[in-house]
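Every read-out reported here was derived from the displayed coordinates using simple, explicitly stated rules and does not represent laboratory data. Predicted model only: the values in this text are computed from it and were never measured. Here Cβ is always computed from backbone atoms with ideal geometry, including for glycine, and neighbour counts include all displayed protein chains.
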Amino acid sequence: MSQVEASHVDRIIERHDHISEEGLEAPHGLGLTSYAMTVLRHRVGKSTLAFNLAYHLSRARSVLLADLSPQCDLTDTIMGEMTDRVTLFDALEPATLGPASGLIPEDISYRISSYCDAFKAGRLSYLIPGDAVLFSYAADLYSRLAQVRDDTRSVEQILHSLKTIFRRESIEKRCELTLMDLDATYAGATHLGWCAADALILPLRVENASLEALEHTLDLLTHPDGVFLRWNQLVGETGATKVAAIVINAVGTGRRATIDDRTKRFLESVLKVIEPFAAHFVHEDLSDAIVLIEDFLSAGRISAARATPIAKLKVGSFHTVAGKRLQVNSSTERYRRQLHYLASLL
């Protein structure tokens, strides 16, 4: 490890300790209005993180939360078993595939506090539900793009369709910030989500597979011959969407809640992966872009199953999830501070 990488690791850990023990806010937020939670890897805690981040953001700003994943984990967390609902696909299909698919609904979002009491104490925030039909949407999207390839205006309208939908819904519901939860595969909705976002949030776990996914995601996002930029270049957009933050979940701690050696080595590897992509980050100092979140353990499973932000869970309380009796651990306050810092960074 180089001296520069060592200083970055030390700085990240020192800041994390300060956040976890005393609480800390970022010196200034980025001030952007739309973010996409995305990485090409399953099971990194993406939807649980998006739900909890949305809660912290909604303490100060009205949030439009959009589920672009066909698994609909975020939607199910908030809305439960409700099935008769308007979804993102109801607006996306006619916007991208043409009027033969129907009209774009005028109201596609649901007030989150109607389903999740914890959100009542903050600013009014809304959810655009996901749809399992998004599994097969990529083929339809790229088929439609191929049909209009020579019509620059039509290509641009399709690529910006999601951004247009979110802008309209944000104005209608007076939302100040949009947060998207994207699929873990590069499907059509993921492409449009990258186009719609001002910046990306990349969640990882402390594992080798996440390192591979990080490099694959950044390469697909930035490679001039990749499918993302290749289509965007047709309408004169040559730059990739920038990265606002890398959130490393499931960070391990040893005695006295100190970061363990495995996490330190993982941090070193992350820095090596992202260094060639430094120009595509919002932060000039890459260490400022990395946020550590400790392993939520039972609290994360309870949060998702009970539609309750981790910050609102009572330490010591018991909950039954999937037939198992789980207890909220004493580190919940540390998690709350870490999530609060992430929200302040944005």
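Measure out, as a whole number of angstrom, how far apart the alpha-carbon centroids of segment 171-214 and segment 241-317 sit.
Segment 171-214 and segment 241-317 have Cα centres spaced 16 Å from each other.
Which whole-Hz couplings ³J(HN,Hα) result when phi for each residue of segment 62-67 is put into the Karplus expression 6.51 cos²θ - 1.76 cosθ + 1.60, θ = phi - 60°, listed in order with x for Gly and Pro?
6, 10, 9, 9, 10, 9
In deg cm²/dmol and to the nearest 500, what is the mean residue ellipticity at 222 nm of the chain if only DSSP H runs of at least 4 residues count, each as -39500 (n - 2.57), divided by the residue total?
Numbers: 13 runs with 149 residues, N = 346.
Counting only the DSSP helices, I get -13000 deg cm²/dmol.
Using only the Cα atoms of segment 108-164, build the gyration tensor, take square roots of its eigenvalues as a ≥ b ≥ c, and label the shape rounded, prolate or oblate: rounded if a/c is under 1.5, else prolate if a/b is larger than b/c, else oblate.
It is oblate, given that a/c is not under 1.5 and a/b is not larger than b/c.
Could I have the simple spin-label model distance between LYS120 and LEU234, label points 7 Å from Cα toward Cβ, reported in nm to one decimal?
Taking the two extended label points, one gets 4.9 nm.
Please go through segment 95-162 and write out the trypsin sites (Lys or Arg not before Pro) that DSSP classes as loop and that have at most 12 other C-beta atoms within 10 Å.
Passing sites in segment 95-162 are ARG149.
Students often forget the sequence filter, so: which aspartates and glutamates lie under 18 Å Cα-Cα from LYS312 once same-chain residues fewer than 8 apart are removed?
LYS312 reaches ASP117, GLU294, ASP295, GLU333.
Along Cα→Cβ, 7 Å out, is where each label goes; now give me the distance between the ones at ALA6 and ARG43 in nm to one decimal.
Distance between label points: 3.6 nm.
Over segment 150-290, what is the relative contact order in whole percent, taking alpha-carbon pairs under 8 Å and six or more residues apart? Walk me through the intermediate numbers first.
Working: 141 pairs, mean separation 33.4, N = 141.
This gives 24 percent for segment 150-290.
Give the lysines whose C-alpha is closer than 21 Å to that of LYS242, dropping any in the same chain fewer than 8 places away, or say none.
The qualifying lysines are LYS46, LYS163, LYS272.
What FRET efficiency would be calculated for the residue pair MET82, GLU275, taking the C-beta separation as r and a Förster radius of 35 Å, to the nearest 0.05?
Values: r = 45 Å, r/R0 = 1.29.
FRET efficiency, MET82 to GLU275: 0.20.
Do any trypsin sites (Lys or Arg not before Pro) in segment 20-56 lie in a loop, going by DSSP, with at most 12 other beta-carbon atoms within 10 Å of their beta carbon, and if so which?
ARG43
Show the residues, 5+ positions off or on another chain, whose built amide H is closer than 5 Å to the amide H of GLU294.
When sequence neighbours closer than 5 places are left aside, the close amide H contacts are VAL251.
Quick one: TRP231, TRP194, fewest Cβ neighbours within 10 Å first, how do they rank?
If I rank by nearby Cβ atoms, fewest first, I get TRP231, TRP194.
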